[in-house]
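Student: The structure under discussion is supplied below as structure tokens; questions concerning it will follow.
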Amino acid sequence: MGGGGELRPVTTRPGPGLRVARLVTEVTAPAVLVSLLMVTVSWHSAPVAAHGLAWGLLATIFVTGIPFAYIVGGVRRGRLTDHHVGRREQRRLPLLVGLGSVAAGLALLAVLGAPRPLLALAVAGLVGLVVAVSVSHWWKMSIHSAVAAGTLVILALTFGARLLVALPLLAVVGWSRVRLRDHTVPQVLAGGVLGALIAGVVFGLLR
């Protein structure tokens, strides 16, 4: 294990479990979950469904579209190893780009009069990115787990506590990250706790 709790690159044992872990990691990627969450919360909070969809798509451009486009460009140019940015030392700049994009999107949404829950969600994302940038300087916390836990908390606050029945899915996300040797168990647990805490406090207070 290297500095900051990073895992040494080793050959991961093949098999059905590995394929499932890869599938779970792709399906629950932060860009996927946040995009779906933005559209869902906006659609639910707007008086007119079509308006909510439009707000959600606009927010998605800044919150996930621009940052992910930057990451894809970095991978193609060889500056980043993969679209999950698996190496801790490569995470700082993409996270800072995401931070700037989310801040710009939040300002635009506020000026245009976006629904309050959508603004609260953007603020929670901004706070989460600040924490991720700070932590990634010395430790590779699981952003997958943070976003998955935050997503579940926000959905529960929006649609009701009955959605907490999906809590075991967070363990599946964490398992996939550990199975692929992208994170250790402490990194997964820390990400989940921080993601849930930020979502519960920030979104819960501002929505």
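The values are calculated or read from the model by the stated rules, or taken from the named source; none is laboratory data. All values derive from a computational prediction rather than experimental measurement. A quick note on method: Cβ atoms are made from the backbone with ideal geometry, for glycine too, and the neighbour counts reach across all protein chains shown. Heavy atoms of the whole protein, side chains included, go into the accessibility calculation; ligands, DNA and RNA do not. Shrake-Rupley method; radii C 1.70, N 1.55, O 1.52, S 1.80 Å.
Student: Picking from 72, 63, 32, which residue would you name as being out of contact with any strand residue (DSSP E or B) (no Cβ under 9 Å at 6 or more places or on another chain) and in contact (Cβ under 8 Å) with a residue 60 or more places away in the chain?
Tutor: On inspection, the qualifying residue turns out to be 63.
Student: Over 18 Å from residue 38 (Cα atoms) and modelled with pLDDT of 95 or more: which single residue out of 191, 200, 195 fits that description?
Tutor: 191
Student: Inside segment 75-184, counting only helices (runs of 4 or more DSSP H) that do not spill past its ends, which hold 1 or more residues that are within 19 Å of residue 196 (Cβ to Cβ) and open to solvent by 10 Å² or more (accessible area, probe 1.4 Å)?
Tutor: Here the list reads 116-136, 143-159, 168-179.
Student: I'd like the full set of residues that are of a type in the set (A, V, I, L, M), open to solvent by 50 Å² or more (accessible area, probe 1.4 Å) and within 16 Å of residue 107 (Cβ to Cβ), limited to segment 39-71.
Tutor: 61, 66
Student: Here is a follow-up. I'd like the full set of residues that are over 15 Å from residue 30 (Cα atoms), touching a residue at least 40 places away in the same chain (Cβ under 8 Å) and not β-branched (Val, Ile, Thr), limited to segment 120-139.
Tutor: Once the filter is applied, which keeps residues that are over 15 Å from residue 30 (Cα atoms), touching a residue at least 40 places away in the same chain (Cβ under 8 Å) and not β-branched (Val, Ile, Thr), segment 120-139 yields 120, 136, 137, 138, 139.
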